[in-house]
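Asks: Handing you a structure now.
The values are calculated or read from the model by the stated rules, or taken from the named source; none is laboratory data. This one's a predicted model, so the numbers in the text were calculated from it and none came from an experiment. We place every Cβ from the backbone using ideal geometry, glycine too, and count neighbours over all the protein chains shown. Calculation scope for accessible area: heavy atoms of the full protein, side chains included, ligands and nucleic acids excluded. Shrake-Rupley method; radii C 1.70, N 1.55, O 1.52, S 1.80 Å.
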Amino acid sequence: MLRRPGVAVLTVLGFASSFVGYAQLNAGMPAYARAVGEVPTEGLGLAFAANTLVIVAIQLIVLQCIEGRRRTRVIAVMGGLWSVAWLSLGLSGLVPGTVGATLLVAACASVFGLGETLLQPTVPALVNDLAPDHLRGRYNAVSSGAFQLAVVAGPGVSGALIGQALGPAYVALLVLGSLAIGAYAVLVVEPRLPAGVNGLPVRPPS
C-alpha cells in the first residue's frame, strides 16, 4: 500500500499530526501542566472544557471558511496554530503555580481546539479522496494504523522528556514539529496530490 502514489507521504503526515497533536493533548499537556506549570487538576478541567467549547462553537464556521481551499494549506495553518498552542503551554512553566499558568494552559487547549477543527476535514478527506473505491478500506487502515502508532509512542516521549526535567526541550519539539507539519504538507504532500484530491474544484474540460 505504501508504494501507491501519495500513500506514504499521507501516512507520514497522519503520524506526525497525531504525534504532536492528540497524543500530546491527552498525555503530554496534562503531564507538563502538572509537573512544570504546577496547574491544579481543576485547571486541567478548565483547559479541556475550553478545548471542547471552541470545537463545538466554531467547527461549522470553519468548514464554511475552508471550503474550496487547498487542504494542504489548511494543514499548514493548523500547524501554525498548534505551534502557538504549545508555546502557550511552555510559557506556563515560567509562572508555575499561578493563575497565569492555569490561563496559559487553558489558552493552549483552546488554540489547539481551533487547530483540531482544521485537521478533521483535511487529513481523513485526503486519504479517502485519494483512495480508489476497491482499496478505500486498506487506505483507511494504513492511515488509522499510523495515527494509533503515534498515540502509543507520543506519551512515552513526553513522559521521558518531562520526567528528566527537559520541559523546554519537550516544548521546543512540539513547536518545531507543528511548524514542520505545515511545511511538509505544502512542500512534500501538495505536489504529489491531484488538485481535486487536495480540495480544489475540478472544472470539466471544455
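Asks: Of the listed values (1) 10.7; (2) 12.0; (3) 14.3, identify the label whose number matches mean projected area of the Cα convex hull in nm² calculated from this model.
Replies: Derived directly from the coordinates: (2).
Asks: May I ask for the distance between the Cα centers of the range 55-71 and the range 74-101, given as a whole number of Å?
Replies: Taking the Cα centre of each part, the range 55-71 and the range 74-101 sit 22 Å apart.
Asks: Mark the label point 7 Å from the Cα of ARG69 along Cα→Cβ and return the residues of the range 108-130 whose backbone N is within less than 15 Å of it.
Replies: 114-123
Asks: Order the following by accessible area, largest value first: CYS65, CYS108. Probe radius 1.4 Å; ligands, DNA and RNA are ignored. Provide the component values of the computation, followed by the final result.
Replies: On the way: CYS65 80, CYS108 0 Å².
Descending order: CYS65, CYS108.
Asks: Compute the length gained on full extension between ALA160 and ASN26: take 0.36 nm times their separation in residues and subtract their Cα-Cα distance, giving the result in nm to one decimal.
Replies: On the way: separation 134, 0.36 × 134 = 48.24 nm, distance 1.55 nm.
Answer, rounded to one decimal: 46.7 nm.
Asks: So, one more: Which Cα, out of GLY115, ALA180, LEU81, lies furthest along the positive dipole direction of the chain (beta carbon charges, K/R +1, D/E -1)?
Replies: With unit charges placed on the Cβ atoms, the residue in question is ALA180.
Asks: Classify the range 110-159 as rounded, prolate or oblate from the Cα gyration tensor: take a ≥ b ≥ c as the square roots of its eigenvalues, call it rounded if a/c is under 1.5, otherwise prolate when a/b beats b/c and oblate if not. Before the final figure, lay out each step's value.
Replies: Working: a/c = 5.22, a/b = 1.41, b/c = 3.69.
Oblate, since a/c reaches 1.5 and b/c is not below a/b.
Asks: Let me ask something additional. Please report, as a whole percent, how much of the solvent-accessible surface of the chain comes from carbon and sulfur atoms (probe radius 1.4 Å). Provide the component values of the computation, followed by the final result.
Replies: Details: 6700 of 10000 Å².
Accessible surface attributable to carbon and sulfur in the chain totals 67 percent.
Asks: Give, in nm to one decimal, the length gained when the segment between ALA153 and LEU94 is fully stretched (0.36 nm per residue of separation minus the Cα-Cα distance).
Replies: Separation in residues times 0.36 nm, less the Cα-Cα distance, equals 18.5 nm.
Asks: Counting only heavy atoms of protein chains, what accessible area per residue, in Å², does the chain have with a probe of 1.4 Å? All intermediate terms of the calculation are to be shown ahead of the outcome.
Replies: Working: 10000 Å² over 206 residues.
Spelled out: the 1.4 Å probe surface of the chain, per residue, equals 49 Å².
Asks: Right, next: Among rounded, prolate and oblate, which fits the range 145-192 when a ≥ b ≥ c are the square roots of the eigenvalues of its C-alpha gyration tensor, a/c under 1.5 means rounded, and a/b larger than b/c means prolate? Could you put the intermediate results ahead of the total?
Replies: Values: a/c = 5.74, a/b = 1.65, b/c = 3.48.
It comes out oblate by the Cα gyration axes.
Asks: For the range 30-51 and the range 156-189, what is the centre-to-centre distance using only Cα atoms, to the nearest Å?
Replies: Centre-to-centre distance over Cα atoms comes out at 19 Å.
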